[in-house]
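Notes to accompany the following structure.
The values are calculated or read from the model by the stated rules, or taken from the named source; none is laboratory data. Predicted model only: the values in this text are computed from it and were never measured. We place every Cβ from the backbone using ideal geometry, glycine too, and count neighbours over all the protein chains shown.
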Amino acid sequence: MINIKLRHTFKSYSIVFLIGICVGCICRLLDYCSSDSLWGFSSIQTLLGFWIITNTIIVLLSTSNKCAGISSFLYMFGMTLSFYGLQAILGMFIPLFSGGFRTSLFVLFTLLSIPCAIAAFILYYWNKDNPLSSVLYSLPVGALVAETIAIFYYLLQHNTFLFQLIMDIVGVIVFGIIFFKRAKNKKIYIIGIVLSALIFYFIFPW
């Protein structure tokens with residue numbers, strides 16, 4: 001279905017890093033949008049769903065667990081670097097982005113890129129022919145289901161984050177169908193979605 005592949009090469013990693021930089025710049029520029037609008041464009045990158053969807057795509061395109069882990073880290077590091085770097089640059093001309101380079105937040109999100117890379121490394125093992133693969137397939141879908149429910153309630157209460165809700169719903173449908181077709185054990189896959197959705201919903205401070 002997807003011909004594009006990420007490989008354990010310098011060229012592939014460089015492309016992923018540049019994509020991360022571009023995404024980070026886009027997310028930073030979206031700060032121009034109102035923070036309390038219906039669509040909530042300025043807060044896209046602050047929610048779990050955005051990271052789940054983008055990193056799941058990286059794992060799907062990767063050709064090895066090592067490739068998935070390194071690509072995930074470089075993508076998120078590139079995004080973090082450009083997100084806070086662009087703020088420092090724009091802050092010299094635009095008051096909205098004043099505050100300089102936020103080193104503490106940059107370090108924090110760079111460190112958070114490491115567990116994301118580890119998760120991508122592990123998730124790639126869903127390609128193995130065993131019951132565990134069905135469980136791994138269920139995890140990103142379950143997490144997206146949990147956030148979809150949480151964002152739906154938040155939208156009703158605060159009249160914002162509509163874009164995030166649509167993004168999560170699309171993610172649940174697309175990944176849900178793709179992984180259902182790939183899962184060796186459909187029952188374990190469905191049970192895994194339900195259990196992981198419950199766990200993510202009650203663990204995360206929505």
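Can you confirm whether the range 166-179 contains a residue that is outside any helix (DSSP H, G or I), more than 11 Å from residue 49 (Cα to Cα) and in contact (Cβ under 8 Å) with a residue 40 or more places away in the chain?
no
Assuming residue 79 fulfils every condition listed in (1) farther than 16 Å from residue 17 by Cβ; (2) touching a residue at least 40 places away in the same chain (Cβ under 8 Å) apart from one, which condition is it?
(1)
Quick check on this structure: which one of 181, 187 is at pLDDT 95 or above, surrounded by fewer than 16 Cβ atoms within 10 Å (Cβ to Cβ) and within 29 Å of residue 67 (Cβ to Cβ)?
Within the list 181, 187, the selection yields 181.
What are the pairs, 6+ residues apart or on separate chains, where a residue within the range 24-35 that is under 11 Å from residue 86 (Cβ atoms) has its Cβ under 9 Å from a residue that is part of a loop (DSSP other than H, G, I, E, B)?
Final answer for the pair search is none.
Here's the yes/no breakdown for (1) in the same structural domain as residue 66 (by TED's automatic domain parsing); (2) within 28 Å of residue 78 (Cβ to Cβ); (3) basic (Lys, Arg):
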| position | (1), (2), (3) |
| --- | --- |
| 116 | yes, yes, no |
| 148 | no, yes, no |
| 159 | no, no, no |
| 184 | no, no, yes |
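Residue 171 - would you say it is in contact with a helix residue (DSSP H, G or I) (Cβ under 7 Å, 6 or more places away or on another chain), among the small types (Gly, Ala, Ser) and closer than 21 Å to residue 47 by Cβ?
So residue 171 passes the test.
Return yes when residue 14 is within 30 Å of residue 160 (Cβ to Cβ) and either basic (Lys, Arg) or without any contact (Cβ under 8 Å) to a residue 24 or more places away in the chain (or both) and no when it is not.
no
Filter the range 130-175 down to residues that are of a type in the set (Gly, Ala, Ser) and over 20 Å from residue 58 (Cα atoms) and give me whichever is farthest from the chain's Cα centre (by Cα).
Result: 150.
Across the range 44-69, which residue is surrounded by the most Cβ atoms within 10 Å (Cβ to Cβ) among those that are out of contact with any helix residue (DSSP H, G or I) (no Cβ under 6 Å at 6 or more places or on another chain) and hydrophobic (A, V, I, L, M, F, W, C)?
Going through the qualifying residues, I end up with 67.
Given 28, 7, which one is surrounded by fewer than 16 Cβ atoms within 10 Å (Cβ to Cβ) and either in the same structural domain as residue 118 (by TED's automatic domain parsing) or touching a helix residue (DSSP H, G or I) at 6+ places or on another chain (Cβ under 7 Å) (or both)?
7
What number of residues in the range 192-206 are in a helix (DSSP H, G or I), in contact with a helix residue (DSSP H, G or I) (Cβ under 8 Å, 6 or more places away or on another chain) and either exposed (fewer than 12 other Cβ atoms within 10 Å of the Cβ) or of a type in the set (A, V, I, L, M, F, W, C) (or both)?
7
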